[in-house]
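The values are calculated or read from the model by the stated rules, or taken from the named source; none is laboratory data. Keep in mind it's a predicted model, so treat the numbers as computed, not measured. We place every Cβ from the backbone using ideal geometry, glycine too, and count neighbours over all the protein chains shown. Just the protein is used for accessible areas: all its heavy atoms, side chains included, with ligands, DNA and RNA removed. Shrake-Rupley method; radii C 1.70, N 1.55, O 1.52, S 1.80 Å.
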Amino acid sequence: MAVLSQDAERRRVLVIYDIADDRRRRKMVKCLERYGGRVQHSAFEAVLPQRAWEEMAARAATIIREAEDSLRVYVLRNGSAMRTWGKEGWDEPEKVMLG
């Protein structure tokens, strides 16, 4: 069994946001679409190596205004359970766009 470096180990990430301004909200959607897919109106999922999810979180954090908006990034590690109901949210990509 091959040992993965910390950067090569992929984790499921859930990003949720509440953004008051339409322009900032559209900018957030464009940012998050680079890394994963929309699963709810204001929620995105991605499967990323650590470096990529840190990059995504840093970029997303620059979009919000802390006095008006909120942004949460959950990293779901081994042992995390997820159950879904209803329509499928997104197709997990083979590779993730970085940079």
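Give 24, 72, 10 a once-over and let me know the one that is open to solvent by 40 Å² or more (accessible area, probe 1.4 Å) and at pLDDT 90 or above.
72
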Item to complete: Output the residues belonging to region 9-24 that are under 15 Å from residue 59 (Cβ atoms) and of a type in the set (D, E, K, R).
Response: 24
Worksheet item: Cβ-Cβ below 8 Å, separation at least six or inter-chain, first residue in region 46-61 and among the charged types (D, E, K, R), second modelled with pLDDT of 90 or more and part of a helix (DSSP H, G or I): which pairs?
Response: 59/31
Practice prompt. Just need a number here: residues in region 35-61 that are under 17 Å from residue 19 (Cβ atoms), at pLDDT below 95 and open to solvent by 70 Å² or more (accessible area, probe 1.4 Å).
Written response: 3
